[in-house]
Structures are given as C-alpha cells and as structure tokens.
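The values are calculated or read from the model by the stated rules, or taken from the named source; none is laboratory data. Computed from a predicted model, the values in this text were never measured in an experiment. Backbone-built Cβ (ideal geometry, glycine too); neighbour counts: all protein chains shown.
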Amino acid sequence: MEPEQSASACCPRTTEPLVSSCGCSTGAPRTEEIETATSTITFANRLDHALARWKWRRSDHRVRPGLYRLGSPTAESPVFASANYTLSFDAVRSALAGIDAWILVLDTKGINVWCAAGKGTFGTDELVRRIESAGLASVVRHRSIIVPQLGAPGISSLEVARRSGFAVEYGPVRARDLPEYLRTRTATPAMRRVEFPIADRLVLAPVELVAALPMFLAAIVLWFLAGPIAALAAVSAVLAGTVLFPVLLPFIPTRDFSTKGLLLGLVVALPFAFSFAATPGLPGWAAVLAAVAALLLVPAVVSYLALNFTGSSTFTSRTGVRKEIFRYVPVMAVMAVTGALAGLALGAGRLAGVL
Amino acid sequence: MFDSYSETSLRYDAGRCVDCGRCTQVCPHAVFAEGPGRVELARPSACMECGACARNCPVEAITVQSGVGCAWAMISAALRGKDMDTECSCGGDDGTCCG
C-alpha cells in the first residue's frame with residue numbers, strides 16, 4: 001500500500017481535516033445532513049449563471065458539498081457525483097427532472113468537473129472522502145456511483161473501488177444525456193465525445209473579453225496619441241481575438257491557434273492599413289509606416305489572444321500548446337515591437353513638426 | 001506545417017491490454033477504439049493529454065504526460081521563472097480545462 005494511505009486502512013488521509021468523524025465505509029453512521037435539491041432552475045439560478053459567465057465574483061458560484069436528495073430517492077436509487085460549481089450542479093439536477101436520485105457534490109472549490117478533474121480536486125481522494133462523510137454506504141444498498149465522464153482525468157476507478165467499495169460508472173459527458181443514459185445504462189459514442197459547437201464557444205466570449213479589459217485602456221490611450229481610427233483598430237483587434245476568433249475557430253485555415261489568429265488579424269488589419277495609407281496630406285514614408293504598424297500590431301494582438309484561447313478549447317494538448325508557444329510567441333513579439341517602433345516613429349515625426 | 005498538435009506524449013502498449021474497454025469510455029475524443037481482442041489506438045493525434053485513460057487503465061498499458069493545454073498559464077509560469085509543465089494557475093471557466 002502506498003504510504004499516504006497507510007495512516008488508516010479505512011480512513012484515507014486527505015489534504016483538509018475532516019469535520020465529521022471518518023468511519024469505515026461499510027455501515028458507518030451518517031454524520032452529515034442530507035440536503036434537498038429540486039430540478040427547478042429559478043430566476044436567481046439563471047442570474048447566477050449569467051454572472052458566472054461574465055466572471056463576476058468568479059469563486060462565489062458554489063453549492064455546499066455533500067449529499068443531496070432529488071425527488072424521493074430510495075436505497076435503490078442511482079447516485080450521481082457532481083462538482084460544487086453552480087453551473088455543474090444545476091445542469092445535473094435540472095437534467096434529472098422527474099427522476100428520484102442522490103447527488104453527491106464534491107468540493108471542487110467552485111470549479112466545474114472537467115477543470116477540477118484536471119487539477120485533481122475532482123479526484124479520487126475527494127470522492128472517497130465524500131462517500132464516507134455522507135455515509136453513502138448506509139444510504140443506498142447498491143454499491144455504484146455514476147461519475148461524469150469528464151471527471152475521469154481526476155478519478156482512478158480502481159482506487160475508488162478499493163478504498164470505498166463503490167464501483168465507478170462513467171456516465172455521459174453532458175448532463176442532458178443522463179435520462180437516456182439511465183434508461184439504457186450505456187453511453188453511446190456520441191454521448192462520450194466532447195464537441196465544441198458554436199454555442200459552447202460563444203458562451204466563453206464574455207470571460208475572454210473581461211480578461212482582455214486592460215487592452216481597452218490601451219485603446220483609450222491610443223485615441224489621444226494617434227486618433228480615433230487607431231483606437232478603433234485596437235478595439236477591433238481585441239474584439240476579433242476574444243469574440244470573432246471563438247466564433248470562426250473551425251473555419252479559419254491551419255490547425256495552430258496562433259496562425260489562425262495571425263490570419264484573422266491580418267484580415268482585420270487590412271481596412272485600417274488602407275485607411276491609414278490613404279490619409280490625405282500624409283507623406284509617402286509616413287503612409288507606409290502607418291500601414292505597416294497596423295499590419296504588424298493587429299495580427300500580433302489577435303494571434304496572442306487566439307493562442308490564449310487554447311485553454312478554453314476542448315481539444316488542445318499541452319505538448320501542442322507548448323510547441324505553439326515556442327514557435328509563435330517570438331514571432332508575435334517581433335511583430336509587436338516592430339509595429340510599435342513604426343508607430344513611435346510616426347509620433348516622433350508629428351512632434352518634430354514634419355507631419 | 002502550422003500543426004503543433006500532430007504528436008503527443010500518449011504511449012499505448014497494446015501487449016498489456018486486457019480489453020476492459022475503460023479507455024474507450026473515458027476518452028472524450030475517441031482516441032481509442034474497440035478492436036479484435038484488444039483496444040486499438042484509432043486517433044492518436046486527437047489526444048489532448050487529459051490523462052483519463054492512463055488513470056483508469058487497470059494494467060498500466062497507457063502512459064501520457066497529462067496536463068492542461070493552457071497557453072496563458074504556461075506563458076505566465078515561464079515569465080515568472082517557474083516550470084511551464086507543472087504550473088497551471090488559469091482563472092478558467094466552464095468549458096476550459098484550466099480551473
């Protein structure tokens with residue numbers, strides 16, 4: 001047995017001390033209250049979801065961890081594991097409308113199942129701990145718990161079975177497939193696949209926008225230094241990287257996010273480059289510099305934002321993202337610095353009175 | 001060209017496979033498929049290195065350096081002089097793997 005489990009055969013050591021006593025998994029007396037949940041999504045729930053999407057008080061969208069009763073479950077009713085992020089928990093309870101079930105909410109610090117599984121907070125230790133603190137073995141007669149498939153990166157089903165006596169059954173990726181899954185007790189290949197449809201991509205745009213807010217400050221500064229069109233170019237670059245890029249993700253050529261961003265940025269930059277170059281009364285060298293600044297700065301910004309969207313996407317591997325960083329971040333940096341120098345040269349020309 | 005994702009750290013030793021099919025259940029990108037007598041590596045370049053298969057394989061037939069493919073976390077780790085591969089401190093949100 002591994003050292004971290006040797007403290008007590010039935011009482012795995014966990015990172016945080018248990019509030020309740022830690023009994024052996026078989027027939028231990030329940031020490032925690034079972035809470036009651038419904039399948040109804042209220043206006044307050046919807047408001048909470050909307051705020052979460054805008055990253056408002058990011059870590060406040062939590063439900064209390066522990067065991068919940070949905071409907072009138074019996075000792076034979078199925079048990080579902082979920083995370084204590086409101087969007088995760090609400091997806092499960094609303095999908096199970098009309099079904100009597102138990103929901104075991106793990107403490108994932110208000111993070112959704114997949115992300116928490118990646119971090120290990122939706123993990124073997126926490127699942128075993130919750131099964132024991134909820135006294136699940138005395139609540140249900142069966143020994144099976146349905147865990148969302150996306151929890152699998154954090155859960156070792158073998159270890160959970162060995163330590164808790166409960167067999168892990170991996171349910172579908174999406175909560176909305178749960179009723180169908182309960183009928184057949186198998187997930188179809190489609191239920192097991194993670195997609196990234198436009199609705200899923202678009203719903204992330206607000207978070208990306210909020211993260212890019214400081215860049216809008218740059219736009220305001222640009223307004224005073226270089227005029228409204230330059231400010232508009234900056235705003236367009238940020239919007240292209242945070243909203244347009246997620247929308248167009250599958251349609252932009254190449255597989256790398258950085259090159260997709262460069263291409264999109266180039267398209268966004270072209271009208272600005274033409275507009276700058278065609279400014280009346282501007283000498284030829286200044287027109288070229290202005291166009292070059294737009295053609296270098298906008299794609300660099302969009303490309304960087306696009307690269308950052310890898311963390312929000314559902315399919316990029318760390319090996320690949322690492323490669324992208326080493327391949328393209330230097331290119332972005334050179335483009336940004338050169339573009340900024342061109343802009344500075346224009347500013348210097350204006351100060352010197354030649355423009 | 002312009003594809004950084006064709007190779008991953010996923011390694012599968014088919015000789016050890018006991019055909020339990022667990023990896024085909026947990027993989028969100030159908031990287032593994034049921035084959036005659038053992039599981040087959042069907043779409044290796046679709047692997048996102050989440051590590052679900054390796055963690056749930058009963059015979060350790062699968063290894064993968066799992067981690068979160070989040071550029072922001074890796075770049076900020078690199079800038080702070082920390083290890084890019086162990087650090088993930090993204091804010092993240094639903095749908096991202098970077099909680």
Problem set entry | Selection within region A:98-138 - within 14 Å of chain B (Cβ to nearest Cβ) and charged (D, E, K, R) | A:107, A:109, A:119, A:125, A:126
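Can you say whether residue A:145 is under 18 Å from residue B:56 (Cβ atoms) and among the aliphatic types (A, V, I, L, M), as far as the supplied structure shows?
Numbers: under 18 Å from residue B:56 (Cβ atoms): yes; among the aliphatic types (A, V, I, L, M): yes.
Yes, satisfied.
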For this session: Select, from A:159, A:195, the only residue that is under 23 Å from residue A:111 (Cβ atoms), modelled with pLDDT under 95 and surrounded by fewer than 21 Cβ atoms within 10 Å (Cβ to Cβ).
Result: A:195
Exercise. So which residues in region B:1-18 are in a loop (DSSP other than H, G, I, E, B), exposed (fewer than 14 other Cβ atoms within 10 Å of the Cβ) and more than 11 Å from every other protein chain (Cβ to nearest Cβ), if there are any at all?
Worked result: B:13, B:18
Exercise. Does residue A:339 meet the test of being more than 16 Å from residue A:255 (Cβ to Cβ), modelled with pLDDT of 95 or more and either among the aliphatic types (A, V, I, L, M) or assigned by TED's automatic domain parsing to the domain that holds residue A:261 (or both)?
Worked result: yes
For this session: Please work out which one of (1) surrounded by 16 or more Cβ atoms within 10 Å (Cβ to Cβ); (2) of a type in the set (S, T, N, Q); (3) within 11 Å of chain B (Cβ to nearest Cβ) is the condition residue A:59 fails and give its number.
Result: (1)
Exercise. Any idea which of (1) within 14 Å of chain B (Cβ to nearest Cβ); (2) within 30 Å of residue A:153 (Cα to Cα); (3) among the hydrophobic types (A, V, I, L, M, F, W, C); (4) out of contact with any Leu (no Cβ under 6 Å at 6 or more places or on another chain) is the one residue A:264 doesn't satisfy?
Worked result: (2)
For this session: Could you list all residues from region A:228-247 that are within 14 Å of residue A:305 (Cβ to Cβ), touching a helix residue (DSSP H, G or I) at 6+ places or on another chain (Cβ under 7 Å) and surrounded by 16 or more Cβ atoms within 10 Å (Cβ to Cβ)?
Result: A:234, A:235, A:236, A:237, A:238, A:240, A:241, A:242, A:243, A:244, A:245, A:246
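How about region B:24-53: which of its residues are outside any loop (DSSP other than H, G, I, E, B) and either surrounded by fewer than 23 Cβ atoms within 10 Å (Cβ to Cβ) or of a type in the set (D, E, K, R) (or both)?
Initial filter on region B:24-53 (outside any loop (DSSP other than H, G, I, E, B)): B:24-26, B:32-34, B:39-41, B:44-46, B:52-53.
Scanning region B:24-53 gives B:24, B:25, B:33, B:34, B:40, B:41, B:44, B:45, B:46.
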